[in-house]
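S.K.: I'd like to ask you about the structure that follows.
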Amino acid sequence: MATSKEYAYFVKGNKFAIVEKDFTFSSGLNYVPDGSNDLDDIGGVGSILWKSPIETIDDGIEIEYVYSPEWIYTNSSTGVTINGFESDSGYLKLTADSGLTDIPYIVIRNSEKWNGLHKIRTYTSATAITLETRYAGGSVSDSDSTADIFTVKQDIIALTDEDFDLDITRYQANAVVNYVKARYAEDTGQVDLKEYFMREFRRMVEKHASGKKIGPYRAQGYNLFK
């Protein structure tokens, strides 16, 4: 008999997770009911609850398009591992074994609190840089069991002026053009023309959004081998 499976996903900040609906009434996903908590009384010992899957899925999820308006990568460098940080006159100073370069901007990845684009304030050496990011805490190193050790990407170009080459789609480009035309029409008192371009702006935005999503967010499948 086929086993019904239903999956979904959720996004929280920069975290993305896959969850599975638990249809098991006796011993659910990652959970064995023992009468010790409230889950045992919900829908029949923990059934119909969204939980993390426990089996390996060979064909997972494909993210078709990810866009950041503040910076773009220039190559596929794996980045530099940061093994510590401290306060440098009120600014965040990062240390590494080697590999840090004298460039204007970096992008921090895999951090609990520093993720994103940062501007370099002072380049000391290949093992130390100070950012324009404010930090007044204590020193942290990879020897600390609670250390927030992360990586930095240095192969990026940051958005600084109108010469930045935005990686946008044709729909997004048309939306920007229509928005600018609408504002010009509004400044000259042409209300009807302004409303026309705003309609076109919204239409292009909707076309771009609909082009990124095919079908429902939830998917239900059947394992024919069970």
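The values are calculated or read from the model by the stated rules, or taken from the named source; none is laboratory data. On a predicted model such as this, the values are computed, not experimentally measured, just so you know. As a convention, Cβ positions derive from the backbone with ideal geometry for all residues, glycine included, and neighbour counts pool all protein chains shown.
S.K.: For the range 126-142, enumerate the residues that are farther than 13 Å from Val80 by Cβ and touching a Leu at 6+ places or on another chain (Cβ under 8 Å).
M.R.: Start the filter on the range 126-142 by keeping residues that are farther than 13 Å from Val80 by Cβ, which leaves 130-142.
Listed by number, the residues that qualify are Thr130, Leu131, Thr133, Arg134, Tyr135.
Here is a yes/no grid of residues against (1) loosely packed, with under 11 Cβ neighbours inside 10 Å; (2) modelled with pLDDT of 75 or more; (3) not charged (D, E, K, R):
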| position | (1), (2), (3) |
| --- | --- |
| Leu159 | no, yes, yes |
| Asp165 | yes, no, no |
| Ala182 | no, yes, yes |
| Thr188 | yes, yes, yes |
| Phe201 | no, yes, yes |
| Gly211 | no, no, yes |
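S.K.: For the range 96-109, does any single residue satisfy the condition of being modelled with pLDDT under 90 and of a type in the set (Lys, Arg)?
M.R.: yes
S.K.: Is it the case, given these coordinates, that Val205 is at pLDDT 90 or above and more than 30 Å from Pro53 (Cβ to Cβ)?
M.R.: Details: at pLDDT 90 or above: no; more than 30 Å from Pro53 (Cβ to Cβ): yes.
No, not satisfied.
S.K.: If you don't mind, another one. In the range 80-115, what residues are surrounded by fewer than 19 Cβ atoms within 10 Å (Cβ to Cβ) and among the hydroxyl-bearing types (Ser, Thr, Tyr)?
M.R.: Listed by number, the residues that qualify are Thr81, Ser87, Ser89, Tyr91, Ser98, Thr101, Ser111.
S.K.: Among the residues of the range 117-140 satisfying the criterion of being in a strand (DSSP E or B) and in contact (Cβ under 8 Å) with a residue 40 or more places away in the chain, which is surrounded by the fewest Cβ atoms within 10 Å (Cβ to Cβ)? First the steps, then the outcome.
M.R.: Start the filter on the range 117-140 by keeping residues that are in a strand (DSSP E or B), which leaves 117-125, 128-134, 140.
Next, from what is left, pick out any that are in contact (Cβ under 8 Å) with a residue 40 or more places away in the chain: 117, 130-134, 140.
Values: Leu117: 15, Thr130: 20, Leu131: 22, Glu132: 12, Thr133: 17, Arg134: 9, Val140: 17.
Ranking the candidates gives Arg134 first.
S.K.: Same structure, new question: Quick check, is Asp144 farther than 30 Å from Phe10 by Cβ, at pLDDT 85 or above and not in a strand (DSSP E or B)?
M.R.: Working: farther than 30 Å from Phe10 by Cβ: yes; at pLDDT 85 or above: no; not in a strand (DSSP E or B): yes.
Spelling it out, it is not the case that Asp144 is farther than 30 Å from Phe10 by Cβ, at pLDDT 85 or above and not in a strand (DSSP E or B).
S.K.: Okay, next question. Based on this model, can you work out whether Gly215 counts as touching a strand residue (DSSP E or B) at 6+ places or on another chain (Cβ under 7 Å) and either modelled with pLDDT of 90 or more or closer than 30 Å to Lys5 by Cα (or both)?
M.R.: So Gly215 fails the test.
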